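**Student:** Got a structure here, written out as structure tokens. Questions coming.
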Amino acid sequence: METDDKSNGLLPLLRRMASLGIESVKLTTAERLTVLCSAISIIAMLAMVLGFVLLFFSLGCVKMLSQSMSECWAYVIVGGVYVVAGAIIIVARRVLVVDPIARFMSRLILGNNYKPSIDNNEDEIK
């Protein structure tokens, strides 16, 4: 009889622990999704503002360059600067884009206490 009382009390306790574990996973997922969505929205807003800044800066550079040369060539030069900047970003995409995103996602998913082992073998991951 005593074992029946213990097993009857153990089953609700296990159910409660399982439901609390599931609730904890849900709350952690919601928290991390909130951080991810807020980071995406901040980056999107900054990209929009930066786009407007670059637009006005480019038009200012074209106006300044057009005083000493043809307006057509001024647009070509400013466009060339953006092509070179884009090429640099493409060449250095791992350092500028992939690695920061990977670090952010690993910190988001694995937590702040995660310390990756430092491996100088960069050729394995591309």
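Taken together, the values in this text are just the output of simple stated rules run on the coordinates, not laboratory data. If you're wondering where the values come from, they're calculated on a predicted model, not measured in any experiment.
**Student:** Would you kindly derive the ³J(HN,Hα) couplings of segment 86-103 from the backbone phi angles with the Karplus curve 6.51 cos²θ - 1.76 cosθ + 1.60 (θ = phi - 60°), listing them in order in whole Hz, with x for Gly and Pro?
**Tutor:** x, 5, 5, 5, 5, 5, 9, 5, 5, 6, 8, 10, 5, 4, x, 5, 5, 5
**Student:** May I pose another question? Tabulate in residue order the Karplus-calculated ³J(HN,Hα) for segment 55-61, using 6.51 cos²θ - 1.76 cosθ + 1.60 with θ = phi - 60°, rounded to whole Hz; enter x for Gly and Pro.
**Tutor:** 3J(HN,Hα) across segment 55-61, in whole Hz: 4, 5, 5, 5, 5, x, 5.
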